[in-house]
Amino acid sequence: MKIAIGNDHVALELKREILQYLTELGHEVIDMGTYSTERCDYPVFGERTAHAVANGEAERGIVICGTGVGISLAANRVRGIRCVVCSEPYSAGLSRAHNNTNMLAFGARVVGSELAKMIVKTWLETEFEGGRHARRVQMLDEIEG
Ligand code: RB5
C-alpha cells in the first residue's frame with residue numbers, strides 16, 4: 001500500500017520509527033515532512049498529507065503531532081478525508097471497519113512507539129465492513145456537501 005506520512009516537530013522521532021516500520025511491513029511511504037525538529041505548524045503537515053490522500057497520490061495517510069489532535073483536525077478539513085485520532089488499537093480497528101477511515105492520527109506525547117506500531121498495524125489490516133456502515137459514511141459525505 002502507498003502511505004503518506006506527516007508530522008510536526010514534536011513527532012519527528014516517532015515519525016521516523018513508524019516510517020521504518022511501514023517499510024518493514026512492505027509498504028511504500030511518502031514522507032510529507034516536517035524533516036527537522038525546528039518548530040513548525042501542525043496544520044501545514046496535516047493538510048499536506050491529507051491532500052496526498054484526497055488526490056490519490058497515496059491510498060492512506062498517517063499524521064502525528066504532540067497529541068494527534070491538531071494534525072487530525074487539519075486533515076479532516078480536507079474534503080474526502082476521514083481521519084481518526086486514537087491511542088489504542090481497538091478504536092483504530094473499528095474506525096476502519098465502521099467508518100472507513102482513510103487517515104490515522106496519534107500523539108507522540110501520548111503513545112510510545114510500540115503501542116503506536118500496534119495501532120498502525122491494526123488500522124492497516126482492518127477492512128471496511130460496508131453494509132449499513134457504508135450508508136452512514138455516505139451521510140458524512142453529505143454533511144460535507
Ligand atoms: C505543539 O507544541 C503541539 O501543540 C502539537 O504538536 C499538537 O499536539 C497539537 O495538537
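Brief remarks on what is shown
- Set Glu59, Glu47, Glu28, Glu24: member being farther than 21 Å from Thr126 by Cα and either among the aliphatic types (A, V, I, L, M) or modelled with pLDDT of 95 or more (or both): Glu47
- Against the test of being more than 14 Å from the chain's Cα centre (by Cα), farther than 17 Å from Leu14 by Cβ and open to solvent by 60 Å² or more (accessible area, probe 1.4 Å), the options Arg109, Arg132 yield a single qualifying residue, Arg132.
- Flag for Arg39 being part of a loop (DSSP other than H, G, I, E, B), at pLDDT 95 or above and out of contact with any Pro (no Cβ under 6 Å at 6 or more places or on another chain): yes
- Looking only at residues of the stretch 53-91 that are of a type in the set (S, T, N, Q) and part of a helix (DSSP H, G or I), we find that the one that is farthest from the ligand (Cβ to nearest atom) is Ser91.
- Listed by first and then second residue, the pairs linking a residue in the stretch 66-77 that is within 15 Å of Val10 (Cα to Cα) to a residue that is of a type in the set (Lys, Arg) and near the ligand (Cβ under 7 Å from one of its atoms), with Cβ atoms under 6 Å apart and 6 or more places separating them unless they lie on different chains, are Gly66/Arg109.
- Scanning the stretch 1-40 for residues that are surrounded by fewer than 14 Cβ atoms within 10 Å (Cβ to Cβ) and within 12 Å of the ligand (Cβ to nearest atom) yields Thr37, Arg39.
- Residue check, Val44 within 16 Å of the ligand (Cβ to nearest atom), open to solvent by 60 Å² or more (accessible area, probe 1.4 Å) and hydrophobic (A, V, I, L, M, F, W, C): yes
- Within the set Leu104, Leu115, Leu94, the sole residue that is away from the ligand (no atom under 12 Å from the Cβ), buried (at least 16 other Cβ atoms within 10 Å of the Cβ) and more than 17 Å from Phe45 (Cβ to Cβ) turns out to be Leu94.
- The lone exception for Ala50 - which of (1) within 16 Å of the ligand (Cβ to nearest atom); (2) under 21 Å from Glu17 (Cβ atoms) it fails: (2)
The values are calculated or read from the model by the stated rules, or taken from the named source; none is laboratory data. The shown structure was predicted, so the numbers you read here are calculated from the model rather than taken from an experiment. Cβ atoms come from the backbone with ideal geometry, glycine included; neighbour counts cover every protein chain shown. For accessibility, only protein heavy atoms count, side chains too; no ligands or nucleic acids. Shrake-Rupley method; radii C 1.70, N 1.55, O 1.52, S 1.80 Å.
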